[in-house]
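Each remark here refers to the structure printed beneath this line.
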Ligand code: UDP
């Protein structure tokens, strides 16, 4: 057991590990626990005995515009210069996602794509982005028709598979993560200055972050094994907030993911690291992990990704009004917990669609602004 009066961090994913390291850096003792038998949460990755790279919980690519976050994490890893691109298999074509001027050229013949390109540039301006939900309502009939094409071919069925709801039935922030781009820049995260995959993987980076004399880590440990409210300076919970309170107000809805991961005895399985399947097949996307680290082997490991309400691991908060209200009720419950400070941070605990950089930023701010005031 950790010494008395350490901080307790529940969950050794990117939020928990970032918070733990930030606390350790200012001389605070931290006990970090995780119910899994590995660190890294859903960012956990590893190399198999053939030297193939695998991200156990599906594709994770680090990208940020936040200099502070980038410099903080860069203390613990070197990054490669991988720049994420996504393509979607639409009939016989591979269309760049987010749909952009390159996709337009692939999807339509020369005359039609030129005509639409000019219209789009005149209407929105080169290098601008537009939500698909707006594009399909455009007052120009040609642009509207294009919007409907993109909506149907790229968004509709993918979103139904991913969320079990149509794009206009879910919170627009989800769909608007992938706007239509009036650009030939094919990068998925074109607005983020800093991007890459840790050269030795995310798990190694997390290992380095936890390697500090003030940090004790306990894996395969349940909250109930360590929770005694008087023993800690405060608690930072990064696990689902409803689970923390034993679901006493009811269960929040998280969309789950399961993966069918297999090795293939070939040097390259597909044309791109990630290929989305908006229309065909029950899976949403196929990821070939070696491509993230530019590994060329005689074999390669590939995951087909499926979304579900019941099967797999908890991955995405579902933003319905009911869920948001319930989350807020849980937060009120947390405020009433007066015995010691209790903080919720991260995608599952705060019920927010955080990317990795948002999760790290949240952890750093929590320690800097709320705990170490
Ligand atoms: N989306 C889609 N088709 C695509 C890619 C994304 O319909 O080819 C929608 C889908 O609803 C998805 C959302 O946009 O859940 C956000 O996509 P993003 O790539 O950000 O999802 P993540 O990588 O976080 O799963």
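Name the residue, out of 309, 163, 79, whose mean-square fluctuation peaks in a Gaussian network model built on the chain with Cα pairs under 10 Å. Highest fluctuation of the listed residues: 309.
Taking one quarter of the surface of the C-alpha convex hull of the chain gives a mean projected area of 19.5 nm². Centroid-to-centroid, using Cα positions, the range 207-267 and the range 97-112 are 43 Å apart. Adding -39500 (n - 2.57) for every DSSP H run of four residues or longer, then dividing by how many residues the chain holds, sets the calculated 222 nm ellipticity at -8500 deg cm²/dmol.
Taking the number of Cβ atoms within 10 Å of each Cβ as an exposure proxy, the fewest-first ranking of 214, 43 is 214, 43. Annotation for the range 1-60 versus the range 316-373: alpha-carbon center distance of 18 Å.
As a ratio to 2.2 N^0.38 Å, the alpha-carbon radius of gyration computed for the range 172-271 takes the value 1.63. Pairs of Cα atoms nearer than 8 Å and 6+ residues apart set the relative contact order; for the chain it is 27 percent.
When 207, 109, 225 are arranged by Cβ crowding within 10 Å, least crowded first, meaning fewest neighbours, the order is 109, 225, 207. Take the Cα of residue 145, step 7 Å along the line toward its Cβ, and report every residue of the range 99-113 whose backbone nitrogen sits under 18 Å from that point. In the range 99-113, the label zone of residue 145 (backbone N under 18 Å from the point 7 Å along Cα→Cβ) covers 104-113. When 137, 153 are arranged by Cβ crowding within 10 Å, least crowded first, meaning fewest neighbours, the order is 137, 153. The largest-to-smallest principal axis extents of the Cα set in the range 1-43 are 28, 21, 11 Å.
Stretched out straight at 0.36 nm per residue, the stretch from residue 191 to residue 164 would grow longer than its current Cα-Cα span by 6.8 nm. Build a GNM of the chain with springs between Cα atoms under 10 Å: which of 115, 184, 269 gets the top mean-square fluctuation? Among 115, 184, 269, the largest mean-square fluctuation in the Gaussian network model of the chain belongs to 115. Normalised by the number of residues in the range 207-325, the average gap of Cα pairs under 8 Å and 6 or more apart makes the relative contact order 28 percent.
With all pairs of separate Cα atoms included, the range 253-353 yields a Kirkwood hydrodynamic radius of 16.5 Å.
Estimated from the Cβ-Cβ distance and a Förster radius of 41 angstrom, the FRET efficiency linking residue 281 and residue 337 is about 0.35. Taking the chain as a Gaussian network, where each spring joins two C-alpha atoms under 10 Å apart, which residue of 276, 358, 325 fluctuates the most? Evaluated over the chain, the most mobile residue of the options is 325.
Calculated translational diffusion coefficient of the range 304-373 (37 °C, 0.692 mPa s; Stokes-Einstein with Kirkwood radius over alpha-carbon pairs) equals 234 µm²/s. Solvent-free Debye calculation, one equal scatterer per alpha-carbon of the range 198-327: log10 I(q)/I(0) at 0.10 Å⁻¹ equals -0.55. By the compact-protein rule of thumb, 2.2 N^0.38 Å, the alpha-carbon radius of gyration of the range 113-245 corresponds to a ratio of 1.63. Normalised by residue count, the range 1-113 yields a Cα convex hull volume of 176 Å³ per residue. Summary value for the range 48-207: 39 percent relative contact order, contacts being C-alpha pairs under 8 angstrom separated by 6+ residues.
Mind checking the angle between helix 356-365 and the chain's longest principal axis? C-alpha axes, 0 to 90 degrees, to the nearest 10. Approximately 40 degrees, to the nearest ten.
Any read-out appearing in this document is the output of simple, stated calculations on the displayed coordinates, not a laboratory observation. Source: prediction; values computed, not measured. With ideal geometry, Cβ positions are generated from the backbone for all residues, glycine too; neighbour counts draw on all protein chains shown.
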